[in-house]
Amino acid sequence: MAQQALPQREPEGTHGRPNTPRDKRDTARPTARLGKPLGAGRTVHGVALLLPGGRAAGTGRPSPLVLAAQRPLARRLAAAAAADGLVTHVVHYRRRGWNGSAADPVRDAEWAADEVVRRYGDVPVCLVGTDMGGRAALLAAGHQAVTSVLAVAPWLPDPAVLPEPDPVRQLSGRRVLLVHGTNDEHTDPDLSLRLAQRAKKVNRDVCRFEVHSDGHGLRQHRAEVQALAADFVRGALFGHHFARPVADALAAPPPLGLRMPLASGFGAGLGY
């Protein structure tokens, strides 16, 4: 039930897992926090949490530039679903790095989902992660408030370095979209394909889009990627019909629905 709102990186070689016990650093460091809310007025019916990128290792605070890079997408999502009561927050991590088995961004994403429940009540949450944040979103998907995950150019462990892949069972019961540029030189698009293939075996509501000829930042097709994200969030959180390419990708068997090309001009006629 909705409530009123209150006034690149090399794999680190250590498998990150959520729910790691707190260590002594947590008492000495500031906590994670939610950035300024964008979107909904007095009543919130859904929340998108944007999880920024970062580094394989690092205990300092995240760069303001990394946080600022998430705000255009946060504003785009809030505008697209304003009538539905969507609010978006950029998650401010405690530390800039993944930091091996500490998996700090995963813990921060789980804290952020808890904070959403505290602030807004029982509303659905979509985790929207970019780069390192994409991996955090996928791993934190098991939180009871999370109903959907969008991972943009996710940074994933290289099997040559880390033979045990990230788990996917926490994605069951969630709608999941991955999007990756085929020319990404910082995070391997083949690794996101492999993860999507494993996830599809335990959850049919998984799809993946490829942005041909684009790189890690997806700058050449930024408008299309933002429109794809908006369409997915509106459908996943509020039950709107997905645009035809998204609906087809979710329904198609692998590999078709996991290698769906993002067409140039996608979203131009969607009206939001």
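The values are calculated or read from the model by the stated rules, or taken from the named source; none is laboratory data. For clarity, every value in this text was computed on a predicted model and none was experimentally measured. No Cβ is skipped: glycine too gets one built from the backbone with ideal geometry, and neighbour counts run over all protein chains shown. What goes into the accessible areas is simple: the full protein's heavy atoms, side chains included, and nothing from ligands, DNA or RNA. Shrake-Rupley method; radii C 1.70, N 1.55, O 1.52, S 1.80 Å.
Here is how the numbers come out for the structure above:
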item: Separation in nanometres of the label points that stand 7 Å from Cα toward Cβ, at residue 82 and residue 182; result: 3.7
item: Gyration tensor (alpha-carbon) shape descriptor, the range 188-272, a/c threshold 1.5; result: oblate
item: Centroid-to-centroid separation of the range 218-264 and the range 142-163 [C-alpha atoms, Å]; result: 18
item: Leading residue at positive end of dipole, the chain (Cβ point charges), from 138, 109, 216; result: 109
item: Computed E for residue 122/residue 33 - FRET, C-beta separation, R0 25 angstrom, nearest 0.05; result: 0.70
item: Dimensions (Å) - the chain, Cα atoms, principal axes, largest first; result: 51, 49, 33
item: FRET efficiency for residue 201 and residue 264, using Cβ-Cβ distance with R0 set to 30 Å, rounded to 0.05; result: 0.45
item: Scaled radius of gyration (Cα, divided by 2.2 N^0.38 Å) that the range 23-138 gives; result: 1.03
item: Options 258, 163, 241, ranked by Cα towards positive dipole end of the range 149-270, top entry (Cβ charges); result: 241
item: Vicinal HN-Hα couplings computed from phi for the range 126-143 (Karplus, 6.51 cos²θ - 1.76 cosθ + 1.60; Hz; Gly/Pro x); result: 10, 8, 10, x, 10, 6, 4, x, x, 5, 4, 4, 5, 7, 8, 5, x, 4
item: Test item: Cα-centred dipole of the chain, Lys/Arg +1 and Asp/Glu -1 on Cβ, debye; result: 680
item: Solvent-accessible area per residue, Å², over the chain with all protein chains present [probe radius 1.4 Å]; result: 44
